[in-house]
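Right, one structure below, let's go through it.
The values are calculated or read from the model by the stated rules, or taken from the named source; none is laboratory data. What you are looking at is a predicted structure, and each value in this text was computed from that prediction instead of being measured. We place every Cβ from the backbone using ideal geometry, glycine too, and count neighbours over all the protein chains shown. The accessibility values were calculated without ligands, DNA or RNA, using every heavy atom of the protein model including side chains. Shrake-Rupley method; radii C 1.70, N 1.55, O 1.52, S 1.80 Å.
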Amino acid sequence: PHKDQVRISGSGKYLAWLSRGRSVDDPLDDNGVMNIFCKDLETSQIKQLTFAKERDACSHFIFNADETEILFLQEIRRGSESYQLFALEIVPFFDETKMEEKKEPNPRNLIKDPRMTCGIGFVG
């Protein structure tokens, strides 16, 4: 699908989704890697938040309570099914004065010990 796991923030300010497109400008240019995209519903601006090239940027994501960050799980190695939890600030993408020039975002790893991972469980 063009957009997967579409989520709206608690106040309705942002809409975010996963897409295999390479960029906002050409979302159908599929590179096979999932990245997070976000739309500010007040301004209609759409921004790509992650820029993974080798493996999916994430498998699951949510907005934090105050809508300043997106929290997401990223597999530490393709096929390992072991994940680490990251936080990525949203505001700098939509406020150009807060984004450093030509610098890709640097998500914060919320798990300080590299040996610790998260698991995703399914009941069924």
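Being over 11 Å from Pro107 (Cα atoms) and either free of Cβ contacts under 8 Å to residues at least 40 places away in the same chain or touching a helix residue (DSSP H, G or I) at 6+ places or on another chain (Cβ under 8 Å) (or both) is the filter here; which residues of region 75-90 pass it?
Our first condition is that a residue be over 11 Å from Pro107 (Cα atoms); within region 75-90, this holds for 75-84.
Once the filter is applied, which keeps residues that are over 11 Å from Pro107 (Cα atoms) and either free of Cβ contacts under 8 Å to residues at least 40 places away in the same chain or touching a helix residue (DSSP H, G or I) at 6+ places or on another chain (Cβ under 8 Å) (or both), region 75-90 yields Glu75, Arg77, Arg78, Gly79, Ser80, Glu81, Ser82, Tyr83, Gln84.
Matching residues to (1) at positive phi; (2) at pLDDT below 90; (3) touching a strand residue (DSSP E or B) at 6+ places or on another chain (Cβ under 8 Å):
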position	(1), (2), (3)
Val24	no, yes, yes
Gly32	yes, yes, yes
Ala52	no, yes, yes
Met99	no, yes, no
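Here are Asp66, Asp40: which of them is loosely packed, with under 10 Cβ neighbours inside 10 Å, of a type in the set (Asp, Glu) and modelled with pLDDT of 90 or more?
Numbers: Asp40 fails: loosely packed, with under 10 Cβ neighbours inside 10 Å.
After applying the criteria, what remains is Asp66.
The residue that is modelled with the lowest pLDDT, counting only those in region 101-123 that are open to solvent by less than 50 Å² (accessible area, probe 1.4 Å) and within 18 Å of Phe51 (Cα to Cα), is Pro105. Within region 6-22, is there a residue that is of a type outside the set (Asp, Glu), at pLDDT below 85 and part of a loop (DSSP other than H, G, I, E, B)? Within region 6-22, one or more residues are of a type outside the set (Asp, Glu), at pLDDT below 85 and part of a loop (DSSP other than H, G, I, E, B). Across region 76-97, the qualifying residues are those that are within 30 Å of Gln45 (Cα to Cα) and surrounded by fewer than 14 Cβ atoms within 10 Å (Cβ to Cβ), and the one among them that is modelled with the highest pLDDT is Val91. Pairs are defined by a Cβ separation below 6 Å, a sequence spacing of at least 6 or placement on different chains, a first member in region 45-69 that is part of a strand (DSSP E or B), and a second member that is among the charged types (D, E, K, R); the pairs so defined are Ile46/Lys39; Glu69/Glu89.
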